[in-house]
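Q: Next up is a structure, given as structure tokens.
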Amino acid sequence: MSRVTDHLLVRARGLDAADPLAAFRERFVITDPDVVYLDGNSLGRLPKATRDRLREVVDREWGAELIRGWDRWMSLAREVGDVLAGGVLEALPGEVVLSDSTSVNLYKLAAAACDARPGRRVIVTDDDNFPTDQYILQGLAAARGMELRVVRSDLDAGVSAREVIAALDSDVALVSLSHVAYRSGAVADLPGITAAAHAVGALALWDLCHSAGSVPVPLRSAGVDLAVGCTYKHLNGGPGAPAFLYVRAELQSTLRQPIWGWFGQRGQFDMAGGYDPVESVERFLVGTPPVLGGYAALEGARITAEAGIDAIAAKGRALGAYAIELFDAWLAPHGFALASPRDDARRGAHVTLHHPQAWQISQALRAANVIPDFRTPDRLRLGFAPLYTSFAEVCLGFERLREIVESGSYKAFPAERSRVT
Ligand SMILES: *Cc1c(COP(=O)(O)O)cnc(C)c1O
């Protein structure tokens with residue numbers, strides 16, 4: 001091992017020794033300690049508490065209680081929402097609820113926002129927003145004869161508040177953006193953009209998929225109107241776990257979402273014929289919730305709330321800063337460039353690198369037991385999950401990456417892309 005490697009590994013060990021969250025790693029299922037998992041921002045690891053809870057729920061609740069379990073299950077969506085509101089998102093109890101997928105929630109809330117601004121013809125988003133967000137907004141605009149005004153964003157620096165503000169006028173009904181950019185990890189100016197949207201009379205809807213569980217989200221203090229996000233990334237809720245939605249308390253009784261389902265209905269089991277939604281956040285629910293996924297989301301939210309979002313964010317920044325040190329020392333000389341903000345305060349918990357052969361390199365990494373994400377057009381996205389990623393693990397992953405590019409071994413992998421990346 002060279003001197004520089006040695007020095008950076010010693011630093012990793014020191015950072016791990018001083019890490020106040022180090023003990024949380026033990027609370028996740030880790031079957032193969034040789035795997036360097038840098039994809040917790042796409043699918044979080046399984047918390048042991050979730051595994052145990054699901055076993056118990058399957059046996060004791062579904063297995064034994066059968067339909068009587070609904071007495072308990074009916075309040076699960078709201079229970080998870082309250083854990084998220086109090087421990088993860090800086091919202092009030094009753095402002096967040098678990099429901100559907102992020103895509104569907106975005107549709108419901110964006111449509112509700114447009115209905116609340118009749119006569120306004122424009123929705124504003126940016127061209128680096130997550131594809132499903134862009135498609136949902138395109139479909140909504142097309143169905144309503146509205147204009148989708150798409151601000152251009154730098155792929156590495158993220159959405160610029162200045163450019164968004166320049167796109168605002170009194171015809172804008174809704175501004176819908178992601179808080180942490182899925183590709184670069186850049187953090188948008190959520191308070192500034194929200195205030196600017198309000199200044200022209202528009203509503204602000206934020207996608208929190210990459211921020212929930214990785215950085216603080218000041219929903220109340222920034223006066224955010226609406227938000228959506230998933231629980232299977234940094235919240236470790238498991239594959240396909242239900243998403244959440246947030247509606248500012250003051251707006252709840254005046255907004256109406258377009259999918260009039262019975263879970264939003266007042267006196268649901270009266271089975272009355274006319275739709276009359278409840279006043280609370282449950283009016284944004286639609287149909288029967290996924291209970292097993294709901295319990296998994298509950299345990300994931302709890303472990304995040306227990307660790308504390310400020311401690312999680314601090315470690316996320318430190319992991320990213322350490323990864324950028326490794327990048328500077330080992331990878332910049334080999335054709336890599338940083339595709340994320342260098343400033344810790346402007347970055348979520350992932351770091352993206354670009355390299356012309358990123359797709360081949362990502363396959364070589366998997367073969368070397370390092371799991372990254374490939375992202376178009378030529379980027380490796382390395383996600384750090386502060387609850388279980390250690391500095392030593394980051395060091396090991398980068399060492400394997402350096403070896404792959406130094407030896408050129410990645411050239412043996414296909415240049416053609418596969419379906420799921
Ligand atoms: C992961 C992600 C989604 C996923 O939406 P689903 O409906 O759960 O498939 C949406 N938006 C962003 C910003 C994401 O990162």
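Q: In percent, what relative contact order does the stretch 91-164 have, based on Cα pairs under 8 Å that are 6 or more apart in sequence?
A: Contact order relative to length: 30 percent.
Q: List, largest first, the extents of the alpha carbons of the chain along their principal axes, each in whole Å.
A: Projected onto its principal axes, the Cα set of the chain covers 73, 57, 40 Å.
Q: Mind putting a number on the dipole of the stretch 237-318 about its Cα centre? Charges go on the C-beta only, +1 for Lys and Arg and -1 for Asp and Glu, and I need it in Debye to the nearest 20.
A: For the stretch 237-318, the charge dipole is close to 260 debye.
Q: Nearest 10 degrees, 0 to 90: what angle lies between the long axis of helix 102-115 and the longest principal axis of the chain (Cα atoms)?
A: It works out to around 40 degrees.
Q: Now, a different point. Using a Förster distance of 22 angstrom, determine the FRET efficiency expected from the C-beta separation of Leu9 and Arg400, and round it to 0.05.
A: Efficiency computed from Cβ-Cβ geometry: 0.95.
Q: Excluding same-chain residues fewer than 8 positions from Lys108, which lysines have a Cα within less than 20 Å of its Cα?
A: Cross-link targets: none qualify.
Q: Charges at C-beta only: +1 for Lys and Arg, -1 for Asp and Glu. How large is the resulting dipole of the chain about its Cα centre, in Debye rounded to 20?
A: 380 debye
Q: Also: State the percent of C-alpha pairs, over all pairs in the stretch 286-388, separated by a distance greater than 22 angstrom.
A: That fraction is 44 percent.
Q: Shifting gears a bit: As an exercise, identify the GluC sites (Glu not before Pro) in the stretch 319-409 lying in DSSP coil whose Cβ has no more than 12 other Cβ atoms within 10 Å.
A: In loop regions of the stretch 319-409 (DSSP not H, G, I, E or B), there are no sparsely surrounded GluC sites (Glu not before Pro).
Q: Can you give the FRET efficiency to the nearest 0.05 for Asp276 and Met74, using r as the Cβ-Cβ distance and R₀ = 22 Å?
A: So, using R0 = 22 Å, E works out to roughly 0.75.
Q: The stretch 315-380: which trypsin sites (Lys or Arg not before Pro) are DSSP loop and have at most 15 other beta-carbon atoms within 10 angstrom?
A: Arg342
Q: Can you give the angle from 0 to 90° between the axis of helix 309-326 and the longest principal axis of the chain, with both taken from C-alpha atoms, to the nearest 10?
A: 30 degrees
Q: Kindly work out what percent of the DSSP beta bridges joining two residues of the stretch 172-312 are antiparallel, to the nearest 5.
A: Roughly 45 percent of the beta bridges in the stretch 172-312 run antiparallel, per DSSP.
Q: Just in the stretch 85-156: which trypsin sites (Lys or Arg not before Pro) are loop by DSSP and have at most 13 other Cβ atoms within 10 Å?
A: Here the trypsin sites (Lys or Arg not before Pro) that fit, given the DSSP loop and packing criteria, are Arg152.
Q: Right, next: Putting +1 on Lys and Arg Cβ atoms and -1 on Asp and Glu Cβ atoms, find which of Val159, Ala222, Ala111 reaches farthest to the positive end of the dipole of the stretch 96-230.
A: Ala111
Q: Just want to confirm a number: the relative contact order over the chain, from Cα pairs under 8 angstrom separated by 6+ residues, in percent.
A: With pairs under 8 Å counted, the relative contact order is 22 percent.
Q: On a 0 to 90° scale, report how tilted helix 190-199 is relative to the longest principal axis of the chain, with both axes built from alpha carbons and the result rounded to the nearest 10.
A: Between helix and principal axis, roughly 30 degrees.
Values quoted throughout were computed directly from the atomic coordinates according to the rules given, and no laboratory measurement underlies them. What you see is a predicted model, and the numbers here were worked out from it, not measured in a lab. Please note: Cβ atoms are built from the backbone with ideal geometry, for glycine as well, and neighbour counts cover all protein chains shown.
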